[in-house]
Structure formats: structure tokens, C-alpha cells
Amino acid sequence: RSPHPRLLSDVPADDASTGVYSHRLGDRWLVGGASNAGCAVLREQGFSGDELARLSEEIDPLAQPPCTDYYPLSSLVVGERFPRPDENAVGVLEPVPESRAAFLHCILHGIAKVETEGYEALAALGASELRRVLTSGGGSQNAQWTVMRQALLGVPTSRAANIDAAYGAALLAARGAG
């Protein structure tokens, strides 16, 4: 999962230089942006699904990780669009702790920080205040990461009742047809 902060806002917020967009949704706006950072680095670093689940159980999501300055861009990517637009940006995953669990903690914290910076960027553009986060995708299954994100975001963060993208698309289509 890559951080794609989106929120329902009473007002639009746009910034083409960072890829922030606003789509009309009834009488509100769906405001968002998308980062190039994200969970692809977990695969690049050799974490399997089983290892992610096992090591996540070892993480205290409210504790500070050993490394807090990670910026998890894939090694296949040069450049970032949101929330830190920089066409020359590269990932930062060093120093690497000796423990795989600590390394995972640092990466997950880095991704959560990018998400937090994304919501802060939307607020700086005038979007409505963030009140809660509903999450979907593979990361939504990681309870420790959800707690970590909630702590950084400062709002309730939980898994959406239905995480199927087709469900959300169907809701939008129904709203548009109605």
C-alpha cells in the first residue's frame, strides 16, 4: 500500500504541482494526493507475508522505532510527488537495525509519517479537518500498523467495513445515478 491520503472536505483543495486533486462528491469534495512511497519496499527488503505477520506481533506500535528518518521509496523509483514533491528524491532506509522486527518497525513508521505529512499538506491547502481514517488494502490487516498510524495521525483509525475497491466504486456509481 502506498499512502493515498483522501478525505471528504467541505471545500476543494487543489495543487497541481503536488498532484493534489478535488473531485465533487454530492455537496462535498473528495480531496487527496498520492505518494510514491509505500509498502513496495517491504517486498524489496525480502519480507514475506508470513514474516510481516510474525514480526509485526513483536512491535510495540506506540514505541518510537530505532530509526525515525526513513523515507520508504522503492529503489526502482526516483522522485516523489506528494507530500514532498522532489523529482530527485530517493528512498532512505538506513541505518538498518540488526533485528528484522526493528527494521520493519522503522519502515512502517516511515510509511505512517508520509501519510501524516500528506494529511497535513491537505490541511495546509484548506481541506476540512481530518476526523477519522478508514483504511483498506493489505496494510489494513496489520493491527500494529493501524495503531501506529492512529498515534501519528491523532484521529481514530480503523479498517473499513468493506475493503473491496469495487464496493466503493459501486457506491459512487449509485450516488451518481441517484
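The angle separating the long axis of helix 165-177 from the principal Cα axis of greatest extent in the chain is about 10 degrees. Counting only protein heavy atoms and using a 1.4 Å probe, the accessible area of PHE82 comes to about 0 Å². Taking all protein chains together, ASP164, ASP27 sort by accessible area into ASP27, ASP164, largest first [probe 1.4 Å].
Provide TRP145, TRP29 ordered by accessible surface of protein heavy atoms (probe 1.4 Å), highest first.
Numbers: TRP145 5, TRP29 50 Å².
These residues rank, largest area first, as TRP29, TRP145.
Taking the Cα centre of region 33-178 as reference, the dipole from Cβ charges on Lys and Arg (+1) and Asp and Glu (-1) amounts to some 580 debye. Please name whichever of ALA63, ASN36, PRO95 sits farthest to the positive end of the charge dipole of region 33-100, dipole taken about the Cα centre and charges placed at Cβ: Lys and Arg +1, Asp and Glu -1. So the residue we want is ASN36. The figure for GLU57 is an accessible area of roughly 130 square angstrom, using a 1.4 Å probe on the protein chains alone. Expressed as a whole percentage, what fraction of the accessible surface of the chain belongs to carbon and sulfur atoms when a 1.4 Å probe is rolled over the protein heavy atoms? Its accessible area is 52 percent carbon and sulfur atoms. Using just its DSSP H runs of length 4 or more, each adding -39500 (n - 2.57), the chain gives a mean residue ellipticity at 222 nm of -11000 deg cm²/dmol after division by all residues. With a 10 Å cut-off between alpha carbons and a GNM built on the chain, which of ASP60, ASP86, ASP50 moves the most? Between ASP60, ASP86, ASP50, it is ASP50 that shows the largest mean-square fluctuation. Strictly under 4.7 angstrom between C-beta atoms: which cysteines of the chain have no such partner? Cysteines of the chain left without a disulfide-compatible partner: CYS39.
Roughly what angle does helix 100-124 make with the longest principal axis of the chain, taking Cα atoms, 0 to 90 degrees, to the nearest 10? Here the helix axis deviates by roughly 30 degrees. When Kirkwood radius over Cα pairs in Å is computed from the coordinates, the matching label among [x] 17.0; [y] 16.2; [z] 22.3 is [x]. Computed on protein heavy atoms with a 1.4 Å probe, the accessible areas place TYR70, TYR119 in the order TYR119, TYR70, largest first. By a 1.4 Å probe calculation restricted to protein chains, ARG175 has an accessible surface near 140 Å², given to the nearest 10.
The values are calculated or read from the model by the stated rules, or taken from the named source; none is laboratory data. Predicted, not measured: the structure shown is a model, and the values here were computed from it. All Cβ positions, glycine included, derive from the backbone under ideal geometry; neighbour counts span all protein chains shown. Each accessible area value is taken on the protein alone, full model and side chains, heavy atoms only, with ligands, DNA and RNA left out. Shrake-Rupley method; radii C 1.70, N 1.55, O 1.52, S 1.80 Å.
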